Amino acid sequence: MKFNLKRIVSIVILFMPFFAFAHGVSSSDQAILNNGGLWSYIYVGAKHMLTGYDHLLFLAGVVFFLKGFKDIIKFITVFTIAHCITLTGATYLAINANEHLVDAIIALSVFYKGFENLGGFEKLKVKAPNLLLMVFLFGLIHGFGLSTRLQSFEIGSDYFLMKILSFNLGVEIGQILALIPIVFLITKWQKKESYPAFYKATNTYLIIIGIALFVYQLYGYFNSHH
Amino acid sequence: MVNSNEEGLTHESNWATLTFEVTHKHSAETHTHENKEEGISMYLFILGSILIIGILFFIFNRKK
């Protein structure tokens, strides 16, 4: 597949306004956490995963690459273990970083998956890194992104660990809820004649959206007070 | 100024021309209005994504 740079850049620019306000911490979520106990952390965690499209786009890219349900379970488990480590660990130890920079790396993970799925490494005559290892590494970064988001809420010191674990549980519930339609759609379409076009279209989209999100996060970083 | 028995009101002007509520606060703890912009952008993001994938699918399917 030829990458038409002009076309990709114009789509990226066209798509920029859609990112506004997405993925942010809303005052309504803060109010829910203030008043709802541990259940509210499960709810906000699930909501964040379902509306945090960069995590889902990366997962969709991973699922695209895999053949068979066993493989899907294996890779999703590795991704889950990795993001649990950084989500729980970084939040508990109050390790933080600029959220725009973390989200920019997460955007690169989306780009990476689309690029790999379209055989980008083969075209460059470079051996692709081990996917399981890359999913683990990107899982750590995604977990850190979730942690910076959780840390931007006022969560207080009471039941601190339980609140983190509840948020983490919510993230996993959200992930399962999101993966069901993604896996269903991809596995059903694999049997159709139009699958190669669908595969190319979706992974080209992952490349475009990965670049767009990366540019957007860098723009946010350089235009925010940090 | 007198107390009001009317639902949703706490005080009423003696002149019965001015009524208002004084319990609604705008501090970080109490302000709970939904962020409508967030919902709209998510909706736009999904629509935009479907549109782009649809266009690309159309292009690649025709090339085939």
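Is it true that some residue in the range A:124-140 is part of a helix (DSSP H, G or I), farther than 15 Å from A:Ile106 by Cβ and in contact with a Phe, Trp or Tyr (Cβ under 9 Å, 6 or more places away or on another chain)?
yes
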Next item on the list: Might you check whether a residue that is touching a Lys or Arg at 6+ places or on another chain (Cβ under 7 Å) and either at pLDDT 90 or above or among the small types (Gly, Ala, Ser) (or both) occurs anywhere in the range A:60-74?
Entry: yes
Next item on the list: Restricting attention to the range A:53-89, report how many residues are over 15 Å from the mean Cα position of the chain (by Cα) and either outside any helix (DSSP H, G or I) or buried (at least 23 other Cβ atoms within 10 Å of the Cβ) (or both).
Entry: 3
Item checked: Test: A:Leu57 is within 12 Å of another protein chain (Cβ to nearest Cβ) and modelled with pLDDT of 90 or more -> yes
Check: If A:Gly139 passes every condition in (1) more than 13 Å from the chain's Cα centre (by Cα); (2) surrounded by 13 or more Cβ atoms within 10 Å (Cβ to Cβ); (3) not aromatic (Phe, Trp, Tyr) but one, which one does it miss?
Finding: (1)
Check: When you look at A:Ile155, is it surrounded by 17 or more Cβ atoms within 10 Å (Cβ to Cβ) and in a loop (DSSP other than H, G, I, E, B), yes or no?
Finding: yes
Check: So which pairs qualify, if the first residue must be in the range A:14-40 and more than 7 Å from every other protein chain (Cβ to nearest Cβ), the second must be modelled with pLDDT under 80 and crowded, with 18+ Cβ neighbours inside 10 Å, the Cβ gap must be under 7 Å, and the two must be at least 6 apart or on different chains?
Finding: none
Checklist line | Pair list, Cβ < 7 Å and 6+ apart or interchain, from the range A:208-225 residues that are within 14 Å of chain B (Cβ to nearest Cβ) to residues that are surrounded by fewer than 22 Cβ atoms within 10 Å (Cβ to Cβ) and at pLDDT 95 or above | finding: A:Gly210/A:Leu108
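The values are calculated or read from the model by the stated rules, or taken from the named source; none is laboratory data. The shown structure was predicted, so the numbers you read here are calculated from the model rather than taken from an experiment. Because the Cβ atoms are built from the backbone with ideal geometry, glycine has one as well, and the counts that use them run over all protein chains shown.
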